[in-house]
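These notes concern the structure reproduced below.
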Amino acid sequence: MTDTRRRVKVYTLNEDRQWDDRGTGHVSSGYVERLKGMSLLVRAESDGSLLLESKINPNTAYQKQQDTLIVWSEAENYDLALSFQEKAGCDEIWEKICQVQGKDPSVDITQELVDESEEERFDDMSSPGLELPPCELGRLEELAELVASSLPSPLRREKLALAVENEGYIRKLLELFRQCEDLENADGLHHLYEIVKGIFLLNRTALFEVMFSEECIMDVIGCLEHDPALGASPRRHRDFLTKTARFKEVIPIGDPELRAKIHQTYRVQYIQDMVLPTPSVFEENMLSTLHSFIFFNKVEIVGMLQDDEKFLTDLFAQLTDEATDDDKRHELVNFLKEFCSFSQTLQPQNRDAFFKTLSNMGILPALEVILGMDDVQVRSAATDIFSYLVEYSPSMVREFVMQECQQNDDDILLINLIIEHMICDTDPELGGAVQLMGLLRTLVDPENMLATANKTEKTEFLSFFYKHCMHVLSAPLLANTTEDKPSHRHQFSLRVHAHTHTTSQLLALILELLTFCVEHHTYHIKNYVINKDILRRVLVLTASRHAFLALCALRFMRRIIGLKDEFYNRYIMRNFLFEPVVKAFLNNGTRYNLMNSAIIEMFEYVRVEDVKSLTAHIVENYWKSLEGVDYVQTFKGLKLRYEQQKERQDNPKLDSMRSILRNHRFRRDARTLDDDEEMWFNADEDELEDGEAVVPPSDSKAGKPGGGAGEDEDLMDPISKFMERKKRRSRGGFAFKNSQTDSLQKGWNFGIFRSWPLRPIRRNSQLRCSETNKKTTSVKKTLSDYCRAVI
């Protein structure tokens, strides 16, 4: 496969200062004899032809831009660029260039000084500024060329910006613009467009402050209307801003500075979004200062509004006043939404102060009033405001809803209003419901709940939620499954209603949230599911004709089974809740689809995790329906697990000893072996003779009833050998007394030792046996002590 890290596009700058694509290929670096030095080579991916062969000159200024661009000039008016598909490839080539030039790869420009051709072009680069041509109609073309030629070089841009700023050139240009418009001088207007656009790309805050001042900004927008690409049909941006766009003061703003700042921000945002052409990949980073200008303007506006207590008090008073007409309230809510969106630009400390101010002003009670209104647009804007609050501080919202439940009925609680709006969303695609479900999920997520010394938010809020809100959330689920006559297996027999696609989407959203609760809540959701018989109602949906809804129901049950909680398991078995799953599997037939895979995976999980109670329940009740499924081994594996369980039940002694070994002697624990134990393991393998097993096999007689003393000795022989080897190797460590070894040699029939190696007892462990004259008793106590010593 071709290495995409080195895949690049080669660009050259043409006479019109536009970048031309010279082809796509793969770049490499190496020594070229003809060029007498390390060079960059690009070969076309189509035919392998050479697209670029450029020597890495130690004095050439290479520039790295946007993590995937390398730009440089090889001669006057001959600029090159490599645009990489991946950042990693750009970094590799950049390191090669820096290595040749002896530079640190962390820099973005390898040379700060300009070459001789630039010195000649600008006459004297040691001078503090650049001399611009006189600002006259006849010199506009010359000035436009100078601006265009300066943009590719950072040093040229810097000197041009200083010259424009120091000579007050912008106001002179705007005076020429008014003259050109009066004279209908199309060529002059086109040159001014190029000049003003170039000044934007100089990326200098001091120039923006002049251009965006009240007396200049409309003329700047006028210059940008005359794009040469549009010919004789200029844009009419000024007409839109002065005649169509209207500034509405929903609450009178008394501060003239604040009003002027709002006007300026709107117009600059309009320039960025609508007036300026979409920047190319090479120009995008040249407008970073424009983005910053808008950003800091918004920060300043939010701060000034936040400090105006009268303004905010009037805002919330009118929002909650029943006498406020609908149009006015709509404007107030939209303003508050925009106000909150501006707050996203604030630094964390300032954003904290902002939302605390809104909270003190009563934003949550105001939202509760607004969400109870009939106007869909107003409710939608209120939902957006609510999302800002939840995103900022879920705990603040949770604290409010828990306090209001002490004073209000469940029907008018803020969180229940949110649930009702989710359920009653009129959008066919349920866009609003999806947004509200995400907010509810954030509110019930224990990961963002606080715990203090005095109280635990998780316990208090979840208790509140399941008592006052969960019945509202689950109401559509219960309403869309109907109780019929009792059956012999179930308390009630259920049937699924015919669902529209929208209703099915809503039920899927509710199931998604309930599944989240199963995963992240503990006894609250468990009590609710079992007491309200929720899982049985959910599984009715496996018969839905909408496959996505049936899969949501299966996912809900799968999460419950994945908890391996015996309370849930007993509930499932008591109500025979695998029956709808088996029916859905059989009704799906031989179709190989997601339904088939999801159901098989559920049964496979029960088998692999060896959930004994569910395994027995499935085999005893549904084996006849599933025994014919042979294209997977899942169900036969379940039957085998079941038979193994039965066998262990019939032979409890064997099962108990297997459990001892599995849980104690052979468990993988976190302890670290000390040096002597590690040496013992290493020496043990080395000292074994070729072909000798740690626990040699012997003829098994464990399965025969009534084994005698000879059988006991034969079965315990491997243990005896192990103890003898351990005793011989002990150097200052633990040793076995003869009485203990004899008791093991005379011990109990335990055939499972044949195939499993034994682990050493920790040093200084003592095996005690009080009654060595009783074979069975002594061996049992010795084995028990041995297992405890291992732990």
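For an R0 of 56 angstrom, estimate the FRET efficiency from the Cβ-Cβ distance between E404 and M218 and round to the nearest 0.05.
Here the calculated transfer efficiency is 0.65.
Going 7 Å from the Cα of N527 in the Cα-to-Cβ direction, what parts of region 394-418 have a backbone nitrogen less than 13 Å from that spot?
Taking a point 7 Å out along Cα→Cβ of N527, no residue of region 394-418 has its backbone N under 13 Å.
Could you look at region 187-320 and say what percent of its accessible area is carbon and sulfur, using a 1.4 Å probe and all protein chains?
Solvent-exposed carbon and sulfur of region 187-320 make up 52 percent of the total.
When only DSSP loop residues count, what GluC sites (Glu not before Pro) in region 1-105 have their Cβ near at most 15 other Cβ atoms within 10 Å?
E15, E33, E45, E76
Return the Cα extents of region 342-403 along principal axes one, two and three, sorted largest first, each rounded to a whole Å.
36, 28, 18 Å, listed from the longest principal axis down.
Mean 1/r over all different Cα pairs, inverted: what Kirkwood radius does region 282-405 give, in Å?
Hydrodynamic radius (Kirkwood, Cα only) of region 282-405 equals 15.6 Å.
Out of every Cα pair in region 17-64, what percent are spaced more than 18 Å from each other?
40
Rounded to the nearest 0.05, what FRET efficiency do T357 and A260 have when you use their Cβ-Cβ distance and R0 = 22 Å? If you can, show how the numbers build up before the last one.
Details: r = 23 Å, r/R0 = 1.05.
According to the calculation, E is roughly 0.40.
Show me, for region 349-362, the HN-Hα J-couplings you get by feeding each phi into the Karplus relation (A = 6.51, B = -1.76, C = 1.60, θ = phi - 60°), rounded to Hz, glycine and proline as x.
Residue by residue, region 349-362 yields 5, 5, 5, 4, 5, 4, 6, 5, 4, 5, 5, 5, 6, x Hz.
Restricting to DSSP loop positions (anything but H, G, I, E, B) with no more than 10 other Cβ atoms inside 10 Å of their own Cβ, which trypsin sites (Lys or Arg not before Pro) remain in region 3-90?
Here the trypsin sites (Lys or Arg not before Pro) that fit, given the DSSP loop and packing criteria, are R34, K36.
Of K55/K87; K564/K624; K356/K532, which ones are farther than 30 Å apart at the Cα? The partial results should precede the final answer.
On the way: K55/K87 22 Å; K564/K624 25 Å; K356/K532 40 Å.
In this structure, K356/K532 exceed 30 Å between Cα atoms.
Calculate the tail of P(r) for region 589-657: the fraction of all Cα-Cα distances greater than 21 Å, expressed in %.
I get 29 percent for the Cα pairs in region 589-657 exceeding 21 Å.
Can you tell me how much longer the chain between D273 and S341 gets when fully stretched, taken as 0.36 nm per residue apart minus their C-alpha distance, in nm with one decimal?
On the way: separation 68, 0.36 × 68 = 24.48 nm, distance 1.74 nm.
Gain on stretching D273 to S341: 22.7 nm.
Taking the Cα centre of each part, how many Å lie between region 465-480 and region 165-184?
The two parts, judged by their Cα centres, are 68 Å apart.
Which shape class, rounded, prolate or oblate, goes with region 378-476 when its Cα gyration tensor gives a ≥ b ≥ c as root eigenvalues, a/c under 1.5 marks rounded, and past that a/b bigger than b/c marks prolate? Don't jump to the answer; show the numbers that get you there.
Values: a/c = 1.89, a/b = 1.51, b/c = 1.26.
Prolate, since a/c reaches 1.5 and a/b exceeds b/c.
Describe numerically, in nm with one decimal, the distance between label points set 7 Å from Cα along Cα→Cβ at D3 and at F548.
It works out to 4.4 nm between the two label points.
Need the full-extension length gain, E620 to E74, defined as separation in residues times 0.36 nm minus the C-alpha distance. One decimal, nm.
188.3 nm
Based on the Cβ-Cβ distance of A88 and S49, what FRET efficiency does E = 1/(1 + (r/R0)^6) give at R0 = 22 Å, to the nearest 0.05?
Computed FRET efficiency for A88 and S49 comes out at 0.30.
Which order, highest average first, do 231-239, 617-625 follow once you tally other Cβ atoms within 10 Å for each residue and take the mean per peptide? Walk me through the intermediate numbers first.
On the way: 231-239: 12.2, 617-625: 16.3.
Packing order, densest peptide first, comes out as 617-625, 231-239.
So what is the relative contact order for region 225-360, in percent, with contacts set as C-alpha pairs under 8 Å and at least six apart?
25
Would you calculate the separation in nanometres between label points at D187 and E566, each defined as 7 Å from the Cα along the Cα-to-beta-carbon direction?
Going by the 7 Å Cα→Cβ label model, 9.6 nm.
Suppose the chain between L450 and A229 were pulled fully straight at 0.36 nm per residue; how much longer would it get relative to their current alpha carbon spacing?
Additional length available on full extension: 73.6 nm.
Rolling a 1.4 angstrom probe over the protein chains, ignoring ligands and nucleic acids, what is the accessible area of C424 in square angstrom, nearest 10?
It works out to around 90 Å².
Provide the per residue accessible area, probe 1.4 Å, for region 488-642, rounded to a whole number of square angstrom.
Values: 7040 Å² over 155 residues.
For region 488-642, the solvent-accessible area averages 45 Å² per residue.
May I ask you to give the average projected area over all directions of the convex hull of the Cα atoms of region 1-110, in nm² rounded to one decimal?
Numbers: hull surface 28.3 nm².
Taking a quarter of the hull surface, the average projection is 7.1 nm².
Scan region 544-612 for trypsin sites (Lys or Arg not before Pro) in coil per DSSP, keeping those whose Cβ has at most 11 other Cβ atoms within 10 Å, and list them by number.
Listed in order of number, the matching sites are R545, R591.
How far apart, in nm, are the 7 Å Cα→Cβ label points at A206 and A323?
Each label point lies 7 Å from its Cα, and together they span 5.5 nm.
The values are calculated or read from the model by the stated rules, or taken from the named source; none is laboratory data. Computed from a predicted model, the values in this text were never measured in an experiment. Neighbour counts are summed over all protein chains in view; Cβ atoms, including those assigned to glycine, are modelled from backbone coordinates with ideal geometry. Note: areas computed on protein heavy atoms with side chains; ligands, DNA, RNA excluded. Shrake-Rupley method; radii C 1.70, N 1.55, O 1.52, S 1.80 Å.
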